[in-house]
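The values are calculated or read from the model by the stated rules, or taken from the named source; none is laboratory data. Computed from a predicted model, the values in this text were never measured in an experiment. Glycine also receives a Cβ, built like all others from the backbone with ideal geometry; neighbour counts cover every protein chain displayed.
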Amino acid sequence: MPAPLLVLTDFTPDADLALSYAAAIATELEAPIVLLHIRRTSLLDPEALSGRIPQWSEGEIASELSKRTADLTVPATVDISNDLLESAVAAAVAQHQPQLIVLGRPDYNKPDELIDTTSLTLLRHTPVPLLVVPITAPAQPNLRRVTIGADNQPFSLSPQVVEFCQNLLSAFNATINITHVVEPEDDDNSSLASQQVEKSGLTTGFQRITTRGQRHLSPVDGIIAAVEEDGGAY
């Protein structure tokens, strides 16, 4: 059986959306899901005394996890940890050997710094690819057309990341668009950026690949504009 997807849940709407998104990916990959809930009960937790953390009983946690796995169409197991985030995820990764970690991105009223810090913390403590699903994402991922944003600089990925990305793109039979964003006055030739992506191994064996130069003052907004014009995901 393929390695599972590790999905973090705190029973919030953004976590539920991330689970739906992960379940759709798991179906295509024919992979199981491990649903991880971290009980934030330690006095070392930064929000332990703020009143922001719901105090769930063991029975309530079991009930909430059961509700979320009942309708999944892929095999699912649950895991509960009392550790802090990075330790809990690292332990789950060591035990379950997932091919992807999935978590929801809370509403946009929360500071981006908080989201970035959580994501970077997880990336520092595990070698597994991380997918952050925004609350605005559809429950069913559209990965038939995928945009890869790239500049002219070389980059490398671990074999584990390359293998997962290739499996994901193959499972969805994706068409790949490589987008190179430059400032409006610069040359938007994307050939070198395309070469860097090819050297990374991401697109090895894929035939349906297009490239484009995108002029924009902001690299992030330029990639988003390219995705919207291409009708895909990024």
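Would you call Val133 in a helix (DSSP H, G or I) and either of a type in the set (S, T, N, Q) or at pLDDT 90 or above (or both)? Give the steps one after another, and end with the answer.
Working: in a helix (DSSP H, G or I): no; either of a type in the set (S, T, N, Q) or at pLDDT 90 or above (or both): yes.
So Val133 does not fit the description; no.
Kindly provide the set of residues from segment 160-173 that are closer than 15 Å to Ile209 by Cβ and surrounded by 13 or more Cβ atoms within 10 Å (Cβ to Cβ), ordered by number. Steps first, answer last, please.
Here is the first cut: in segment 160-173, the ones closer than 15 Å to Ile209 by Cβ are 165-166, 169-170, 172-173.
Hits for segment 160-173 are Cys165, Gln166, Leu169, Ser170, Phe172.
Quick one: which residue in Val182, Val220 is touching an Asp or Glu at 6+ places or on another chain (Cβ under 9 Å), aliphatic (A, V, I, L, M), farther than 26 Å from Pro98 by Cα and not assigned by TED's automatic domain parsing to the domain that holds Ser20?
On the way: Val220 fails: touching an Asp or Glu at 6+ places or on another chain (Cβ under 9 Å).
Among Val182, Val220, only Val182 is touching an Asp or Glu at 6+ places or on another chain (Cβ under 9 Å), aliphatic (A, V, I, L, M), farther than 26 Å from Pro98 by Cα and not assigned by TED's automatic domain parsing to the domain that holds Ser20.
Taking the conditions exactly as written (over 14 Å from the mean Cα position of the chain (by Cα), buried (at least 16 other Cβ atoms within 10 Å of the Cβ) and of a type in the set (Lys, Arg)), does Arg145 satisfy them or not? Before you say what the answer is, go through the steps one by one.
Working: over 14 Å from the mean Cα position of the chain (by Cα): yes; buried (at least 16 other Cβ atoms within 10 Å of the Cβ): yes; of a type in the set (Lys, Arg): yes.
Yes: the conditions hold for Arg145.
Answer yes or no as to whether Val74 is assigned to a strand (DSSP E or B), modelled with pLDDT of 95 or more and on the phi < 0 side of the Ramachandran plot. Lay out the reasoning, then the answer.
Details: assigned to a strand (DSSP E or B): no; modelled with pLDDT of 95 or more: yes; on the phi < 0 side of the Ramachandran plot: yes.
So Val74 fails the test.
Let's see how each residue does on (1) touching a residue at least 12 places away in the same chain (Cβ under 8 Å); (2) part of a loop (DSSP other than H, G, I, E, B); (3) out of contact with any strand residue (DSSP E or B) (no Cβ under 8 Å at 6 or more places or on another chain):
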site: Thr147; (1), (2), (3): yes, no, no
site: Asn152; (1), (2), (3): yes, yes, no
site: Val161; (1), (2), (3): yes, no, yes
site: Phe164; (1), (2), (3): yes, no, no
site: Asn167; (1), (2), (3): yes, no, yes
site: Thr179; (1), (2), (3): yes, no, no
site: Pro184; (1), (2), (3): yes, yes, no
site: Asp188; (1), (2), (3): yes, yes, no
site: Ala193; (1), (2), (3): yes, no, no
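Taking segment 148-159, which residues are under 24 Å from Ala3 (Cα atoms) and surrounded by 14 or more Cβ atoms within 10 Å (Cβ to Cβ)? So that I can check it myself, show each step before the final result.
Filtering segment 148-159 for residues under 24 Å from Ala3 (Cα atoms) gives 156-159.
Within segment 148-159, Leu157 is the sole residue that qualifies.
Residues are listed down the side, and each one gets a yes or a no for (1) among the aliphatic types (A, V, I, L, M); (2) buried (at least 17 other Cβ atoms within 10 Å of the Cβ); (3) modelled with pLDDT under 90:
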position	(1), (2), (3)
Pro13	no, no, no
Leu17	yes, yes, no
Ala22	yes, yes, no
Ala31	yes, yes, no
Ala48	yes, no, yes
Ser57	no, no, yes
Ser66	no, no, no
Val78	yes, yes, no
Val102	yes, yes, no
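Please determine, by comparing only the residues of segment 175-224 that are of a type in the set (A, V, I, L, M, F, W, C) and more than 21 Å from Arg145 (Cβ to Cβ), which one is surrounded by the most Cβ atoms within 10 Å (Cβ to Cβ). It would help to see each step written out before you state the result.
So in segment 175-224, the residues of a type in the set (A, V, I, L, M, F, W, C) come out as 176, 178, 181-182, 192-193, 197, 202, 206, 209, 217, 220, 223-224.
Right, trim to more than 21 Å from Arg145 (Cβ to Cβ) and you get 182, 192, 217.
Numbers: Val182: 20, Leu192: 13, Leu217: 10.
That would be Val182.
Please specify each residue of segment 118-130 satisfying the condition of being modelled with pLDDT under 90 and either of a type in the set (A, V, I, L, M) or in a strand (DSSP E or B) (or both). Let's see the steps before the verdict.
Residues of segment 118-130 that are modelled with pLDDT under 90, as a first pass: 118-127.
Result: Leu120, Leu122, Leu123.
What number goes with the only condition from (1) more than 29 Å from Leu8 (Cα to Cα); (2) touching a residue at least 40 places away in the same chain (Cβ under 8 Å) that Leu131 does not pass?
Result: Leu131 fails condition (1) only.
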